[in-house]
Amino acid sequence: MGGDIVFPFTRVVGQEEMKKALLLNIVDPAIGGVLIRGEKGAAKSTIVRSIAHILPSVASVEGCVFHCDPDHPKRMCTQCQSRVSNGEKINTERYQTRVVELPLSATEDRVSGTIDIEHILKKGERRFEPGLLGTANRNVLYVDEVNLLDDHIVDLLLDSAAMGVNYVEREDVSFSHPSRFVLIGTMNPEEGSLRPQLLDRFGLSVTVRGEEDVDHRLEVIKRRLEFDSDPEGYIEDAMPEILEFRDLVRRAIDLLPEVDISDRSMRSAVAVCLNFGIEGHRADITLIRAAKANAALQNRCEVIKEDIYSVAEMAIAHRLKRRSFEEASFNTEELRRCLTTL
Amino acid sequence: MPDDPLNRHPFSGIHEMHTAKEAILCALVNPKIKTLLIQGASGTGKTVLARSVASITDREVVNIPLNVTDEQLFGSLDVESLLRDGSVRLNDSVLIRADGNILYLDDAGLLDHRLLKMLLGSVDDGVVRVERNNVSAEYLMGTVLIASMNPLESSLPQTIMDDFDVSVQVYGPKDPDIRIRIAEENITYRDGQSLFGPSNGIGEIDIRLDISAARALLPKVAIPTMLMRAISMLARKYRVQGYRGELATINVSLALAALDGRMEVSESDVEKAALMCIYHRKRRPKDRTKEECESKDKYGNTGESMLIDVIRRSDAYREKGNEDATDDEAACFGTDADPIIVSEEDLVMRVGDSFDAIDVIAEIDKGTYAERRSIRSLNSRGKSVGEEEYQGGILDLAVGATVRAAAPFQHRREKESASDMAVIIEMKDVRNRVRHELRRRTLLFVIDASGSLIIGSRMTNVKASVMSMLEKLHSRRDRVGIVRFSEGDTELIMPPTKHVESVAEVLANLSIGDRTPLSEGLMFTYEYMLSYTRKHPEEECYAIVITDGRANIPLREGADPIDEALELADKMRMPGLKWIVIDTGIGYSKNDVPESLSRRLDAKYYTLDDLKDN
């Protein structure tokens with residue numbers, strides 16, 4: 001888990017919804033990421049970065065820059081694939097997944113990759129140099145202020161997020177590589193809205209609010225000050241809880257394939273989405289996946305109504321139809337009602 | 001200009017500006033205080049103060065030029081090292097030089113907001129991540145950013161204000177004796193008659209000692225929980241978002257105590273610190289205009305809560321009677337002279353049903369959709385659409401094209417050169433990318449909110465048409481703002497923002513005032529847009545004036561309010577701004593002023609009915 005100097009996840013006060021949404025995605029990356037909306041300085045970035053400590057390590061092809069998954073040849077990069085088809089022996093290593101950040105100032109070339117100029121000048125050979133979408137493969141890709149990202153960069157993200165592959169067709173480069181990542185975006189809605197296409201692409205969304213309770217605020221600040229005055233010491237102190245938490249996440253990941261969802265539960269998930277007037281299937285699928293991941297985190301092998309209830313808002317809120325220039329709001333009362341009548 | 005004596009003005013020789021000086025000392029003592037904003041009118045010594053910091057530290061003051069680009073600020077590919085030995089390296093950037101030094105940004109309000117946001121983020125993180133072109137790099141940058149701003153000339157959205165740890169105000173001293181002394185000292189000092197100017201340098205040594213003593217003491221300084229709680233409550237009271245305000249207040253309090261040689265933070269430390277750290281983050285209750293905490297303009301209007309506004313105006317309306325509702329109007333809306341009952345609800349008319357509006361801007365900008373929407377990018381942002389020869393300036397290397405350009409000469413160059421590189425590139429081969437980026441627009445609605453609009457619910461129609469235009473025009477990238485003008489209340493009620501949801505809310509709550517200061521409304525818009533267009537040269541700006549033209553308050557006493565407005569309009573054309581006039585007059589209230597106004601402003605003219613797309 002490296003020497004990441006980030007605030008420990010286990011010491012974050014409150015913000016339960018956001019933490020849950022992040023954990024669900026770690027347990028099942030196929031949920032499709034999370035968009036975190038909230039006011040300025042509500043520690044959104046701190047919390048996202050904090051997951052570095054609890055991210056799992058995965059099996060990967062030794063030496064591969066994309067950390068290809070040895071168990072899924074179809075998701076491998078072309079190089080690994082040809083090695084497999086040539087019958088080469090593939091060694092595996094453990095790869096510690098991490099949070100890759102995409103800064104706002106990133107340019108197209110560095111996001112999707114470009115020709116390795118150093119290589120071409122020194123060796124005279126054209127070689128592709130992966131960009132952030134390559135580095136992000138099997139990792140968490142974090143975009144702070146995602147609503148401020150340039151449109152053409154957003155397009156690149158959308159393509160990869162949709163297909164799990166980054167296709168580069170530019171200049172003299174024609175290349176593709178796997179690019180499956182958990183997309184985490186944070187934004188302050190005051191600074192502008194997000195393109196609807198990108199909004200829908202996020203599996204889950206949560207809205208964080210500043211803590212109103214003075215005692216809680218005080219606790220947040222005390223911990224922050226303590227961390228700031230000696231980050232290494234603070235992390236070391238929190239390490240036992242971090243390791244315990246890591247185990248919990250690991251167990252949930254291992255348990256996930258065993259988690260069952262009954263026909264009835266599946267029906268109620270779909271009914272909830274329909275009740276909120278959602279047409280597309282993405283909400284249904286995300287809701288079911290998230291409910292299963294939630295059960296796994298509870299160390300349960302079966303999805304119950306509570307699982308659906310506890311993740312429904314995240315899966316649905318950002319997909320509600322809204323009138324122009326109005327913020328859509330999610331009615332939890334209605335959710336409760338809908339679930340009890342089922 | 002290393003030899004300009006202003007660059008070396010000694011800190012101790014600076015008069016007044018106590019809070020600002022204290023804030024700077026705090027930042028030098030406590031490295032957690034990273035960003036400082038100094039606000040004040042021009043010529044009050046903001047820059048001199050910032051530069052004088054070099055006299056009390058061993059750090060250098062690194063200046064950020066206003067026209068700085070992403071590349072110059074954060075760094076990009078170093079073309080020389082690339083051509084020399086093929087190595088991909090980051091060139092020298094402003095932020096690399098800032099590490100361990102002090103950054104100074106003059107007129108922060110004029111820097112591109114996006115760039116400023118990224119800058120503040122990097123300073124706060126202490127790390128710069130560069131993912132540009134062919135370079136992927138990360139470097140540490142420990143620095144203090146001191147920024148100045150003249151609130152009369154520019155402003156920053158609240159979301160950026162929130163990013164400053166500390167914000168202080170400086171004022172020009174009122175005392176003539178002090179003013180004379182400052183002027184004298186400045187003159188002698190500039191003339192270079194004294195090496196150390198007003199102080200002999202001893203002051204600086206003392207301050208340096210104070211700072212290092214305070215730095216040593218800082219880790220031992222404690223803050224009582226009671227005071228921490230008070231800070232939290234204060235932050236809540238002023239609706240400060242997030243925790244940064246509280247953390248900054250604590251960090252400044254600790255530094256103040258340390259500077260005073262105390263091991264415990266006192267109440268007065270917290271008071272001082274809160275002024276520096278909480279005040280600029282406060283949001284007004286009911287937070288309608290989220291982009292700006294207090295829309296205080298130079299006309300002295302402070303943004304009170306809308307409710308108080310409405311009540312105040314409704315009283316004024318009752319007292320002054322319905323002067324505005326002239327016989328014409330009465331004729332139009334029934335001669336029975338129904339008493340117009342003005343309740344608070346009436347003054348905030350609802351937003352009428354929106355309709356399918358025409359595109360008032362497309363009518364102006366002929367040309368294809370694509371032509372209208374994208375322009376050549378002057379930085380390396382935007383979509384790459386081709387390559388061209390590198391002309392110097394920003395390097396946005398098109399690798400393939402560059403290598404292709406160099407290819408025909410390789411055979412000869414290999415013979416002539418001692419280089420062992422496989423491909424030898426010379427400067428003349430270098431090709432830059434050509435990029436296009438989407439054009440951005442700012443739509444400023446300038447709404448006549450005078451009493452005459454109360455008749456026949458015209459305000460309801462006005463609101464409906466603004467909403468309809470927005471629905472038609474608005475793309476996610478546009479900024480939309482609202483100026484309202486009526487007697488004694490001409491203000492920017494919504495600074496241009498991309499958050500249209502809050503525009504809709506402000507519009508819904510827009511109240512009707514009294515008489516019509518058309519000249520003032522125009523003048524306000526003109527001055528605001530003059531600085532706005534300067535700050536956003538790449539933006540297309542439109543001012544959409546919505547009025548019935550029944551001006552009845554002049555700017556200059558005794559002038560004819562209508563003639564004056566029209567005369568002013570003649571002088572208000574400016575590059576980068578297009579005017580549009582929408583005439584709200586109907587029936588007898590309709591007059592030819594709006595149309596004349598549109599001619600003077602070189603504006604497109606529409607009536608409310610014209611807007612409907614049939």
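The values are calculated or read from the model by the stated rules, or taken from the named source; none is laboratory data. From a predicted model like this one, the values you see are computed outputs, not experimental measurements. Neighbour counts run over all protein chains shown; Cβ positions are idealised from the backbone, glycine included. The accessibility values were calculated without ligands, DNA or RNA, using every heavy atom of the protein model including side chains. Shrake-Rupley method; radii C 1.70, N 1.55, O 1.52, S 1.80 Å.
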Residue satisfying all of: in region B:162-188; more than 19 Å from B:Lys282 (Cβ to Cβ) and acidic (Asp, Glu); least open to solvent (accessible area, probe 1.4 Å) among these: B:Glu185
Residue that is most open to solvent (accessible area, probe 1.4 Å) [pool: residues in region B:499-522 that are within 14 Å of chain A (Cβ to nearest Cβ) and charged (D, E, K, R)]: B:Glu505
Unique match (being within 11 Å of chain B (Cβ to nearest Cβ), in contact with a strand residue (DSSP E or B) (Cβ under 8 Å, 6 or more places away or on another chain) and modelled with pLDDT of 85 or more) among A:Val208, A:Val220: A:Val208
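What do you reckon, is A:Pro240 open to solvent by 50 Å² or more (accessible area, probe 1.4 Å), under 30 Å from A:Gly164 (Cα atoms) and not aliphatic (A, V, I, L, M)?
Working: open to solvent by 50 Å² or more (accessible area, probe 1.4 Å): yes; under 30 Å from A:Gly164 (Cα atoms): no; not aliphatic (A, V, I, L, M): yes.
Taking the combined requirement at face value, the residue does not satisfy it.
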Residues located in region B:387-428, provided they are facing chain A (nearest Cβ under 9 Å) and hydroxyl-bearing (Ser, Thr, Tyr): B:Thr402
For B:Glu388: the one exception among (1) at pLDDT 80 or above; (2) open to solvent by less than 50 Å² (accessible area, probe 1.4 Å): (2)
Positions within region A:158-193 being within 26 Å of A:Glu125 (Cβ to Cβ), more than 19 Å from the chain's Cα centre (by Cα) and not in a strand (DSSP E or B), in sequence order: A:Glu171, A:Asp172
Any pair with Cβ under 8 angstrom, 6 or more apart, that starts in region A:261-274 at a residue that is in the same structural domain as A:Ile308 (by TED's automatic domain parsing) and ends at one that is of a type outside the set (A, V, I, L, M) and open to solvent by 30 Å² or more (accessible area, probe 1.4 Å): A:Ile261/A:Lys292; A:Ile261/A:Glu302; A:Ser262/A:Glu302; A:Ser265/A:Lys305; A:Ser268/A:Lys305
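Among the residues of region B:571-592, write down those that are open to solvent by 10 Å² or more (accessible area, probe 1.4 Å) and closer than 18 Å to B:Pro517 by Cβ. Working first, answer last.
Here is the first cut: in region B:571-592, the ones open to solvent by 10 Å² or more (accessible area, probe 1.4 Å) are B:571, B:573-578, B:586-588, B:590-592.
Within region B:571-592, B:Lys571, B:Asn591 qualify.
Tell me the helices (runs of 4 or more DSSP H) entirely within region A:64-131 that contain at least 2 residues that are touching a residue at least 24 places away in the same chain (Cβ under 8 Å), within 14 Å of another protein chain (Cβ to nearest Cβ) and surrounded by 23 or more Cβ atoms within 10 Å (Cβ to Cβ). So that I can check it myself, show each step before the final result.
Working: elements: A:78-85, A:108-112, A:117-123.
Fully inside region A:64-131 and qualifying: A:108-112.
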Some residue of region B:267-283 being at pLDDT 55 or above, among the hydrophobic types (A, V, I, L, M, F, W, C), in a loop (DSSP other than H, G, I, E, B) and over 30 Å from B:Asn509 (Cβ atoms): no
Extreme residue, modelled with the lowest pLDDT, among residues of region B:466-479 that are facing chain A (nearest Cβ under 9 Å) and assigned to a helix (DSSP H, G or I): B:Glu471
All positions within region B:208-231 that are in a helix (DSSP H, G or I) and in contact with an Asp or Glu (Cβ under 6 Å, 6 or more places away or on another chain): B:Ile231
Residues of region A:157-172 satisfying the condition of being under 27 Å from A:Pro70 (Cβ atoms), touching a helix residue (DSSP H, G or I) at 6+ places or on another chain (Cβ under 8 Å) and open to solvent by less than 50 Å² (accessible area, probe 1.4 Å): A:Leu157, A:Ser160, A:Ala161, A:Gly164, A:Asn166, A:Val168
Residue that is open to solvent by 40 Å² or more (accessible area, probe 1.4 Å) and not hydroxyl-bearing (Ser, Thr, Tyr), where the choices are B:Ala418, B:Ala406: B:Ala418
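Yes or no: region B:539-551 includes at least one residue that is open to solvent by 50 Å² or more (accessible area, probe 1.4 Å) and either of a type outside the set (Asp, Glu) or over 23 Å from B:Leu453 (Cα atoms) (or both).
Initial filter on region B:539-551 (open to solvent by 50 Å² or more (accessible area, probe 1.4 Å)): none.
Among the residues of region B:539-551, not one is open to solvent by 50 Å² or more (accessible area, probe 1.4 Å) and either of a type outside the set (Asp, Glu) or over 23 Å from B:Leu453 (Cα atoms) (or both), which makes the answer no.
Of the residues B:Arg373, B:Arg318, B:Arg313, which is modelled with pLDDT under 70, closer than 30 Å to A:His152 by Cβ and not hydroxyl-bearing (Ser, Thr, Tyr)? Can you show your working first?
Details: B:Arg318 fails: closer than 30 Å to A:His152 by Cβ; B:Arg313 fails: closer than 30 Å to A:His152 by Cβ.
Testing whether each residue is modelled with pLDDT under 70, closer than 30 Å to A:His152 by Cβ and not hydroxyl-bearing (Ser, Thr, Tyr) leaves just B:Arg373.
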Pairs where the first residue, in region B:563-574, is in contact (Cβ under 8 Å) with a residue 24 or more places away in the chain and the second is of a type in the set (Ser, Thr, Tyr) and open to solvent by 30 Å² or more (accessible area, probe 1.4 Å), C-beta under 6 Å, 6+ apart: B:Met572/B:Tyr526
Residue match in region A:32-44 (condition: crowded, with 22+ Cβ neighbours inside 10 Å, part of a helix (DSSP H, G or I) and either on the phi < 0 side of the Ramachandran plot or touching a Lys or Arg at 6+ places or on another chain (Cβ under 8 Å) (or both)): yes
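Give me the strands (runs of 3 or more DSSP E) completely within region B:95-193, filtered to those with at least 1 residues that are of a type outside the set (S, T, N, Q) and free of Cβ contacts under 8 Å to residues at least 24 places away in the same chain, ordered by residue number. Break it down into steps so the answer makes sense when it comes.
Values: elements: B:102-105, B:127-132, B:135-140, B:144-149, B:166-169.
Strands (runs of 3 or more DSSP E) meeting the threshold: B:127-132, B:135-140.
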Members of region B:128-185 that are in contact with a Phe, Trp or Tyr (Cβ under 8 Å, 6 or more places away or on another chain) and modelled with pLDDT under 85: B:Arg132
Test: residue in region A:194-205 that is over 16 Å from the mean Cα position of the chain (by Cα), at negative phi and either away from chain B (no Cβ under 14 Å) or open to solvent by less than 70 Å² (accessible area, probe 1.4 Å) (or both): yes
Residues of region B:429-443 classified as at the interface with chain A (Cβ under 10 Å from one of its Cβ atoms) and either of a type in the set (Asp, Glu) or free of Cβ contacts under 8 Å to residues at least 12 places away in the same chain (or both), total: 1
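Just wondering, is there one or more residues in region A:138-146 that are closer than 21 Å to B:Glu501 by Cα, open to solvent by less than 10 Å² (accessible area, probe 1.4 Å), within 12 Å of chain B (Cβ to nearest Cβ) and part of a loop (DSSP other than H, G, I, E, B)?
Step one: list which residues in region A:138-146 are closer than 21 Å to B:Glu501 by Cα, which gives A:145-146.
If we keep only those that are open to solvent by less than 10 Å² (accessible area, probe 1.4 Å) too, we end up with A:146.
This time we only want the ones that are within 12 Å of chain B (Cβ to nearest Cβ), so: none.
There is no residue in region A:138-146 that is closer than 21 Å to B:Glu501 by Cα, open to solvent by less than 10 Å² (accessible area, probe 1.4 Å), within 12 Å of chain B (Cβ to nearest Cβ) and part of a loop (DSSP other than H, G, I, E, B).
Taking B:Leu492 as the residue in question, decide whether it is hydrophobic (A, V, I, L, M, F, W, C), within 16 Å of the chain's Cα centre (by Cα) and open to solvent by 10 Å² or more (accessible area, probe 1.4 Å). Outline the logic, then answer.
On the way: hydrophobic (A, V, I, L, M, F, W, C): yes; within 16 Å of the chain's Cα centre (by Cα): yes; open to solvent by 10 Å² or more (accessible area, probe 1.4 Å): yes.
In short, yes.
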Matching residues, region B:468-489, being farther than 23 Å from B:Ser155 by Cβ and buried (at least 24 other Cβ atoms within 10 Å of the Cβ): B:Met469
